[in-house]
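Notes for the one structure printed next.
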């Protein structure tokens with residue numbers, strides 16, 4: 001059985017705030033104020049509740065792609081990348097910028113040093129985990145449900161960024177809106193897979209807490225990690241939540257702005 005890392009200092013809580021433009025997006029203003037070259041955040045349902053960016057849920061493709069174009073235009077990116085996610089640890093490195101939305105297969109994360117390419121992951125309770133190297137302007141993002149956390153998806157992203165030349169000790173990390181430790185009740189087998197021991201019955205687990213411990217064990221300083229105060233299950237009017245019965249998906253995203261200010 002995999003052992004959970006020893007608990008360390010809890011990551012600071014932040015609450016992403018709505019963007020000023022007319023697209024339902026919450027931005028990490030803490031990072032934006034300190035690193036204006038960086039954009040990181042997540043889409044949400046919006047006032048009408050229909051800003052679904054899921055590409056594999058059987059919705060009307062033309063409407064979904066129109067929403068993607070709105071997102072890219074609002075964030076100021078000409079190209080983005082997404083993948084069909086498989087709850088694994090495969091992280092793709094992207095070295096060039098293309099135009100429009102490019103969808104690849106069987107991956108749960110992306111990394112790049114290329115300015116102008118938006119990296120995205122689809123979530124609806126799972127954690128969007130964003131990484132940034134402020135000195136070298138390299139970024140990554142991971143989709144992590146309990147299977148991804150248990151398998152080491154976040155640690156895999158740290159490893160990919162190391163291959164690009166970024167030290168774990170120089171990284172920032174943010175665990176975005178995801179189901180909270182009160183809402184996320186799971187079976188004994190999940191606790192065991194996460195290295196928590198096997199309880200006698202279903203019990204809640206704070207997946208972001210486990211992920212943050214693993215990220216710290218991978219070398220990212222504990223005081224460089226933050227976590228969102230939002231929970232999709234607690235806020236079903238704002239977010240799509242699988243456990244609340246919603247079929248839509250929001251997109252966690254990160255990117256180096258095309259025209260990086262000094």
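The packing ranking, built from the mean of other Cβ atoms within 10 Å per residue, places the peptides 55-64, 71-80, 147-156, 117-126 in the order 117-126, 147-156, 71-80, 55-64, highest first. Got the relative contact order for the range 1-157 handy, in percent, Cα pairs under 8 Å and 6 or more residues apart? Relative contact order comes out at 16 percent.
For the range 104-234, what is the per residue volume of the convex hull drawn over the alpha-carbon atoms, in cubic angstrom? Intermediate values should be presented prior to the final figure.
Details: hull volume 14.1 nm³, N = 131.
Taking only Cα atoms, the range 104-234 has a hull volume of 108 Å³ per residue.
Overall size of the chain from C-alpha positions, given as principal axis extents largest first: 50, 40, 32 Å. Note on residue 69 and residue 33: the model spin-label points, each 7 Å out from Cα along the C-beta direction, lie 3.6 nm apart. Taking all Cα pairs closer than 8 Å and separated by 6 or more residues, the relative contact order of the range 12-256 comes to 24 percent. GNM on the chain, alpha-carbon springs under 10 angstrom: the most fluctuating residue among 240, 51, 21 is 21.
For residue 198 and residue 217 in one chain, what is 0.36 nm times their gap in residues minus the Cα-Cα distance, to one decimal in nm? Let's see the in-between values first.
Values: separation 19, 0.36 × 19 = 6.84 nm, distance 2.22 nm.
Stretched out fully, the residue 198 to residue 217 stretch lengthens by 4.6 nm.
Can you say what percent of the DSSP beta bridges in the chain, counting only those with both residues inside, are antiparallel? Round to 5. Spell out each step's value before the answer.
On the way: 33 of 51 bridges.
Approximately 65 percent, going by the DSSP bridge assignments.
Could you calculate the FRET efficiency of residue 99 with residue 167 from 1/(1 + (r/R0)^6), where r is the beta carbon distance between them and R0 is 25 Å, rounded to 0.05?
It comes out at approximately 0.15.
Under the simplified labelling scheme, the residue 61-residue 106 pair shows an inter-label distance of 2.2 nm, with each label point 7 Å from Cα along Cα→Cβ.
In whole Å, how far is the Cα centre of the range 119-147 from that of the range 20-66? About 14 Å separates the Cα centre of the range 119-147 from the one of the range 20-66.
Which order do the peptides 158-170, 189-201 come out in when sorted by mean C-beta neighbours inside 10 angstrom, highest first?
Details: 158-170: 17.4, 189-201: 14.6.
Descending packing order for the listed peptides: 158-170, 189-201.
If each residue of separation counts as 0.36 nm, what is the full-extension length gain between residue 237 and residue 90 once their alpha-carbon separation is subtracted?
Numbers: separation 147, 0.36 × 147 = 52.92 nm, distance 3.19 nm.
So the chain would gain 49.7 nm between residue 237 and residue 90.
Each listed q (0.14, 0.15, 0.18, 0.27 Å⁻¹) maps to a log10 I(q)/I(0) for the range 86-129, found by the Debye formula over equal Cα scatterers with no solvent: -0.35, -0.40, -0.57, -1.14.
Throughout, read-outs are computed from the coordinates displayed, never taken from laboratory work. Owing to the predicted nature of the structure, the values given are computational and were not obtained by experimental measurement. Every residue, glycine among them, receives a Cβ derived from its backbone with ideal geometry; neighbour counts consider all protein chains shown.
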